[in-house]
Amino acid sequence: MSVYKNLTFGLENKGFDKKTIDEKIDSILKIIKLELFGSRRPSELSGGQQQRVALARALVNSPSILLLDEPLGALDLKIRKHMQFELKKIQKSVGITFIYVTHDQEEALTLSDRIAIMNEGELIQVDSPEKIYLNPKSKFVADFIGEANIIEGKIIGKEKDMLRIDIKADKDILVSGQDEIISGNDVCIVVRPEDIKILTEDNISNFNIVSGKIRDIIFKGVGVLYNIELQNGVIIRVLDSNKEFGLDHFNNNNEVKIGWEYSRGVLINEQK
């Protein structure tokens, strides 16, 4: 069947009149950017275009719940980004519940009101995108969503409302603690690359500061990514989104100090 007939199939079965069907088809074809393709048949469409038609065929019937299993996987990047926002607008405007399955972490964060992270069939964390990203409850979640530095260490004491962690580097670090966590516990601290800075001074208050050597410098468009090896051999990724130093400022093996605010470290205790 043509694109038009594919989209009318469900509407005709529901008894809509031709005028209403045409209005719905025109609207959905504009959303998927195929306004001029109504007469095309599947053999005349690319894989991505066929995918968009399949998505439109489901949406045009205005279901109360829509299950989408990797629906944008065959689309090129620009159309994929456009469809993400169009899907979100459709969901908000018509109140359709979307259950959206994806391995694209950015897509999950962009589209979702709630995210469920699964591992081997088990729900690990269900939360808002912000909490999933900023307050992961396990190493698996932290590592799965976005880039994360996961620093392992041992609690060696308390300072007011902070825990002191030995990470086997040149300095201990401090992180907001939990009352039930005691000295001697093995824990890990999650810090996002964009929350870490290369420092030109080492007397900044409320900052954890450690030393390391630059091992890689990678230009990523949105910023410069530095892989920095601490004295304990752990590689810390630092994303300088403001390109403060420029690509020519550092070289591999340069010794630098890096730091992050105490509040930017998320403590994970998987012994509970």
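Observations on the structure shown:
- Selection within segment 39-72 - of a type in the set (Val, Ile, Thr) and surrounded by fewer than 17 Cβ atoms within 10 Å (Cβ to Cβ): Ile65
- Failed condition for Phe98, given (1) in the same structural domain as Ser27 (by TED's automatic domain parsing); (2) in a helix (DSSP H, G or I): (2)
- Among (1) in contact (Cβ under 8 Å) with a residue 12 or more places away in the chain; (2) closer than 24 Å to Arg80 by Cα, the one test that Glu35 misses: (1)
- Checking segment 109-126 against the condition returns no match, with no residue being in contact (Cβ under 8 Å) with a residue 40 or more places away in the chain and either closer than 30 Å to Asp170 by Cα or assigned by TED's automatic domain parsing to the domain that holds Leu29 (or both).
- Taking the criterion of being assigned to a strand (DSSP E or B), surrounded by 15 or more Cβ atoms within 10 Å (Cβ to Cβ) and not polar (S, T, N, Q), the residues of segment 103-151 that qualify are Ile115, Ile117, Ile124, Asp127, Ile150, Ile151.
- Any hit, segment 64-78, residues being among the polar types (S, T, N, Q) and part of a loop (DSSP other than H, G, I, E, B): yes
- If you go through segment 162-176 and keep only what is closer than 16 Å to Gly233 by Cβ and in contact with a Lys or Arg (Cβ under 6 Å, 6 or more places away or on another chain), you end up with just Asp166.
- Residue within segment 147-161 that is among the basic types (Lys, Arg), under 24 Å from Val234 (Cβ atoms) and out of contact with any Ser or Thr (no Cβ under 9 Å at 6 or more places or on another chain) present: no
The values are calculated or read from the model by the stated rules, or taken from the named source; none is laboratory data. Because the structure is predicted, anything quoted here is derived from the model rather than measured. Counting neighbours? That spans all protein chains shown, and the Cβs are built from the backbone with ideal geometry, glycine included.
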